[in-house]
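The values are calculated or read from the model by the stated rules, or taken from the named source; none is laboratory data. Remember, predicted model here, so these are calculated numbers, not experimental data. Please note: Cβ atoms are built from the backbone with ideal geometry, for glycine as well, and neighbour counts cover all protein chains shown. Accessible surface areas use protein heavy atoms only, side chains included; no ligands, DNA or RNA. Shrake-Rupley method; radii C 1.70, N 1.55, O 1.52, S 1.80 Å.
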Amino acid sequence: ASSPPFGGKPPKPPGERTSLLAAAEQRSSDKGAPPTKAPAPPAEPAPADKSLVAVFALFVVSSLGNRLFQKLQTVPMYNYPITVNLVTTSVYVPVCFSYIIPATFCLNPSPITEAEQAIPKMKFAVMGALDCVSCVMIVLAVNYVPNASTLVLLQQSAIPISMVISFFAFPGVTYDRFQLSGAFVVLLGIAVVLQPQMAAGAGGNGGSAWVWSVVTVLSCIPMCFSSVYKEKALGEQDVGVVYLNGWVALYQTLVALPLSIPSAWATAIPLGELPYNIADGFACVAGINSVTFDGDDAFGSDKSGYDLLNPEDASARRADACGTAPVYVGVYVFFNLLYNVATILMLKKGGSNMLYLASTILVPISDVMFSLKCMPDHQPMHAADLTGLLVIMAGLLLYRAGKAIWRRLAGDGEAEASAMSPLSPGAPSPLVREAAAAARPSLGAATR
């Protein structure tokens, strides 16, 4: 019987390799090899797993809940994004180590192997530092970009960014014309989304929203570097999900503390007020208001918040509304944990292809969800958002299934799964990293 997904090893779907490094090495070793015999006829397909439908639904629901409450928690916690980052990062340390400590010292034999325990902790520290930089950037961006639909679209930049990093990190990895064209179309769609904000910012009316939109795109760089480093540093070593992410989350929390200083500068919080802001943030998580106004509040009805481009705004803050903070923050943590478990189950039950499909479907669903009037502080979809969504979806389709579609249109009946593989049969795609980008970088990275 298989071990529980939250406490065991990351599952490897049958017939799939799980490392770009292995794919690159295989590609290099194939050069100059003698021709091989024709492959044997494919075996009869296995009966469909009925539980896959339930896992697929769990993944979609948990992913939507994760994205929704990641944004909703910023409504009561608007004045305290630094505290949000500390809380939602550090919560994984006790969760993971409640398994690691007894598994290491109380069980004999331990489910955590000696090879896992021998991994240098410096590797975990590097992973945690990269994840922390990415997490800080995205938490601040989610807080200050008023239109959550824009965030969903901008995060698709993880695909072309990951392609570039993987190309240089793994010699021998190549991409076909469909993947390159798809990545270019995704970048074009992101440019469509950003253009109105950039134009408004240049005219002096856009505030800092465009700055944080750019930060959203840039946050994908350390996230993708972290994913590549994990593959390079760990190779094919089988590491338990909880063990890996417990140590990564520990170092991520430690790095988050000094990163609070540049975060304070970025959010116009004077350095002397930073400890008080963090303390008030923890009070807000408990539902206690600290910032109140008896008179007019300059930002009480201004959803754009404070403006990085206007330093005189640094002394003003929106009044606290922490009544819903315990629920929103708690539900976000719950959905985030559930999302990571669902991602592991999806890889185990359906493999990476099903994960690609679900992740692609989630883009338009999430975009429309955030534009509904029932959403707190909802923002309607603008023409640029809708156009960007269509362009990005076209790029995702071209990137993921361009070769398979071309083969079918050309009358080739052998439009196999390999036609949809972005690197080589069984090699993971940068789209997997994009799928996990919505998760906490510390815990979500291991599911790749």
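Below, the figures for the structure above:
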{"quantity": "Residues of the stretch 131-163 satisfying the condition of being of a type in the set (S, T, N, Q) and within 23 Å of H382 (Cβ to Cβ)", "calculated": "N143, N147, S149, T150, Q155, Q156, S157"}
{"quantity": "Members of the stretch 333-350 that are more than 14 Å from V91 (Cα to Cα), of a type in the set (V, I, T) and open to solvent by 20 Å² or more (accessible area, probe 1.4 Å)", "calculated": "V341"}
{"quantity": "Filtered residue count, the stretch 95-137, keeping only those that are within 30 Å of W212 (Cα to Cα), among the β-branched types (V, I, T) and open to solvent by 40 Å² or more (accessible area, probe 1.4 Å)", "calculated": "2"}
{"quantity": "Wholly within the stretch 81-175, helices (runs of 4 or more DSSP H) carrying at least 3 residues that are under 22 Å from N245 (Cβ atoms)", "calculated": "81-90, 92-105, 114-117, 121-144, 158-169"}
{"quantity": "Flag if L140 is touching a helix residue (DSSP H, G or I) at 6+ places or on another chain (Cβ under 8 Å) and more than 18 Å from W212 (Cβ to Cβ)", "calculated": "no"}
{"quantity": "Test set (1) modelled with pLDDT of 50 or more; (2) within 19 Å of P81 (Cα to Cα); (3) not basic (K, R) - S359 fails condition number", "calculated": "(2)"}
{"quantity": "Selection count where residues are surrounded by fewer than 18 Cβ atoms within 10 Å (Cβ to Cβ) and modelled with pLDDT under 90, scope the stretch 66-94", "calculated": "1"}
{"quantity": "Condition met for Q237 (closer than 28 Å to L337 by Cβ and either in contact with a Lys or Arg (Cβ under 7 Å, 6 or more places away or on another chain) or not in a helix (DSSP H, G or I) (or both))", "calculated": "yes"}
{"quantity": "Exclusive hit being open to solvent by 70 Å² or more (accessible area, probe 1.4 Å), modelled with pLDDT of 70 or more, aliphatic (A, V, I, L, M) and in a helix (DSSP H, G or I), set I261, I288", "calculated": "I261"}
{"quantity": "Among (1) open to solvent by less than 30 Å² (accessible area, probe 1.4 Å); (2) at pLDDT below 90; (3) under 19 Å from the mean Cα position of the chain (by Cα); (4) not hydrophobic (A, V, I, L, M, F, W, C), the one test that D320 misses", "calculated": "(3)"}
{"quantity": "Some residue of the stretch 25-44 being at pLDDT 90 or above and more than 24 Å from the chain's Cα centre (by Cα)", "calculated": "no"}
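Residue-wise test of (1) more than 16 Å from V84 (Cα to Cα); (2) out of contact with any His (no Cβ under 7 Å at 6 or more places or on another chain); (3) at pLDDT 90 or above; (4) basic (K, R).
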{"position": "L271", "(1), (2), (3), (4)": "yes, yes, no, no"}
{"position": "G281", "(1), (2), (3), (4)": "no, yes, yes, no"}
{"position": "D296", "(1), (2), (3), (4)": "yes, yes, no, no"}
{"position": "K303", "(1), (2), (3), (4)": "yes, yes, no, yes"}
